[in-house]
Amino acid sequence: MFEIDPLYSVRQVREIDARAIQRAGDDGYALMQKAAAFAWSCVVECHPQLSAMTVLAGPGNNGGDALVLARIAASQGVGVQVHLLGHEPEKLRGAAARAYADFAAAGLKLESAQPASAPVIVDGIFGTGLTRAPREEAAQWVDWLNAQRNNRGSWVLALDIPSGLNADTGLGAGSHVRADCTTSFVARKWGHDLGAAIDACGELRFDALGVSAADRAGIEPVAGRLAAVRWPRRSVDCHKGIAGHVLLLGGIARYGGATVLAAHGALRSGCGKATILTESAEIHPALWPEVMRFAARTKNEVIGLSSEADVLCLGPGLGRDEGQLARLKLLRRAPRPQIWDADALWALAQWPDLQPDELVITPHPGEAAALLGWTTQAVQSDRAAALEALVQRWNCVTVLKGARTLVGAPGKIPVVVPQGNPGMAVGGMGDVLAGVIAGLCAQGFAPWEAAVAGAWSLADAADRVACQRGYSLLPHDVLDSLRVGLR
């Protein structure tokens, strides 16, 4: 159902790279030249009339990529200024040394003065091996480069990963480069979709450089990046009675809108019916004509209503009063897939024994922190670790919302949803997501499939709306644009 690009750790990418180099029978210079050629194609595509470029090269193979790129640019008539960290080319080794030899043989020289601004600046200072903060001259270069981008409008290309970032975590121990475009090579890195790297990479472009499946054989990816969703075909004779029924608990006066948004999310996902189990009938039906509502008074009514539904969506608009929590405790026993969000997650953090048998949780970072006993800062500082901890702690499908929503489940590698934008940072968007996932479950999707497809659908819709309206989004804007691909 999904097309998922594998994501690897730095250690794994090094192993894949080593295999490819061994197969090629050289020291890696052939791959280096391919990487530089790909980077140059990205520069030309974005700046076809380029006349000048500044290149900052480090002492490792990332610097070697930069030196080859500079030589290619110079051969195309671009004026290049090239700076080498440490100013000691004789200390370069392996493929990087060969890159410098060809650079010098082409009549090019390294600059000894301070870097000068240019329309395009190439960050080849550090690659994926950096695990500490840039120091001394490297730190000065990083700060200078960011200043050129911010104050002079220079376009910054980072090779493999913006310098200063850890390619496993996406985090930096100190300052890091903020690029407009990042070229990634050989195999996709997990860290590109985590932490500060999400913003710092800019547009991420990848080329395997001819590395084959055989080079990756036996190396299991640490995560996957969702590339596409292939929706199943819907039966022509489908009707609402077999398209799924979602029961939602909520609709209290103060938070009733959240429940309605979740119900609409369920219906927009393609399910046949949505019913809100309300505390009362306070919300005017004209605001939600497609949604059924039922003000259950007794335990038997609550249990009876849950038996008629295929999936339960609990939390949006739930509130925390005793009456609603009592209904939650009743419904958690229902033998149905259940999607818990918002106040249901608060209740779960308080009373872990409430956990139903088949559960999907959709926490934002604050809710994730409560479920783990962490701080929100700890969750945000290592979202991959937080997702893993949530899956282990609660042993269920988990959707960790935020920039690059992460989906995990027992026995599954984590999946990152690359769609989404800052306009989604508005109240109610998570309620819609919970409803969409519930609606997909009601139509027969397995909980993990529903979680991945639901997160992708909402983010994809939000991106399409943002292209037209910018980031001033409302949940209803996204609901109206939601197009789950059932046919």
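The values are calculated or read from the model by the stated rules, or taken from the named source; none is laboratory data. Remember, it's a predicted structure, so these values are computed and weren't measured experimentally. Please note: Cβ atoms are built from the backbone with ideal geometry, for glycine as well, and neighbour counts cover all protein chains shown. In case anyone asks, the SASA skips ligands and DNA or RNA and just uses the protein heavy atoms, side chains included. Shrake-Rupley method; radii C 1.70, N 1.55, O 1.52, S 1.80 Å.
Provide a single number: the residues in segment 1-17 that are more than 30 Å from TRP448 (Cα to Cα) and open to solvent by 50 Å² or more (accessible area, probe 1.4 Å). Give the derivation first.
Start the filter on segment 1-17 by keeping residues that are more than 30 Å from TRP448 (Cα to Cα), which leaves 14-15, 17.
Okay, now just the ones that are also open to solvent by 50 Å² or more (accessible area, probe 1.4 Å), so 14-15.
The number of residues fulfilling the criteria is 2.
Identify, please: which residue in segment 148-162 is over 20 Å from the mean Cα position of the chain (by Cα) and in a loop (DSSP other than H, G, I, E, B) and is, among those, modelled with the lowest pLDDT?
GLY153
Determine whether LEU312 is in a helix (DSSP H, G or I), modelled with pLDDT of 90 or more and either in contact with a helix residue (DSSP H, G or I) (Cβ under 9 Å, 6 or more places away or on another chain) or within 25 Å of ILE361 (Cβ to Cβ) (or both).
Taking the combined requirement at face value, the residue does not satisfy it.
Among the candidates VAL436, VAL417, VAL432, VAL426, which residue alone is buried (at least 21 other Cβ atoms within 10 Å of the Cβ), β-branched (Val, Ile, Thr) and within 25 Å of CYS201 (Cβ to Cβ)? Even if it seems obvious, please write down each step before you answer.
Values: VAL436 fails: within 25 Å of CYS201 (Cβ to Cβ); VAL432 fails: within 25 Å of CYS201 (Cβ to Cβ); VAL426 fails: buried (at least 21 other Cβ atoms within 10 Å of the Cβ).
Every option except VAL417 fails the conditions.
Out of everything in segment 246-263 that is out of contact with any strand residue (DSSP E or B) (no Cβ under 8 Å at 6 or more places or on another chain) and in a helix (DSSP H, G or I), what residue ends up being modelled with the highest pLDDT?
LEU261
Specify which of the listed residues (LEU194, LEU204, LEU145, LEU171) is within 24 Å of the chain's Cα centre (by Cα), of a type in the set (A, V, I, L, M) and surrounded by 21 or more Cβ atoms within 10 Å (Cβ to Cβ).
Residue meeting the stated conditions: LEU194.
Within the set of pairs 6 or more residues apart or between chains, which connect a residue that is at pLDDT 95 or above inside segment 201-230 to a residue that is open to solvent by 50 Å² or more (accessible area, probe 1.4 Å) and in a loop (DSSP other than H, G, I, E, B) with Cβ atoms less than 8 Å apart?
Qualifying pairs under 8 Å: GLY202/ARG178; PHE206/ARG188; GLU220/ILE413; PRO221/ILE413; VAL222/ILE413; ALA223/ILE413; GLY224/ILE413; ARG225/ARG188.
Return yes when ALA451 is in contact (Cβ under 8 Å) with a residue 12 or more places away in the chain, over 23 Å from GLU3 (Cβ atoms) and part of a helix (DSSP H, G or I) and no when it is not.
So ALA451 does not fit the description; no.
Which condition from (1) over 24 Å from TRP448 (Cβ atoms); (2) surrounded by fewer than 24 Cβ atoms within 10 Å (Cβ to Cβ); (3) of a type outside the set (D, E, K, R) is the one that LEU345 breaks?
(1)
Checking GLN392 against (1) in contact with a Pro (Cβ under 9 Å, 6 or more places away or on another chain); (2) surrounded by 17 or more Cβ atoms within 10 Å (Cβ to Cβ); (3) under 20 Å from LEU194 (Cβ atoms), which single condition isn't satisfied?
(2)
Please specify each residue of segment 292-309 satisfying the condition of being of a type in the set (A, V, I, L, M, F, W, C), open to solvent by 10 Å² or more (accessible area, probe 1.4 Å) and assigned to a loop (DSSP other than H, G, I, E, B).
Result: ALA295, single match.
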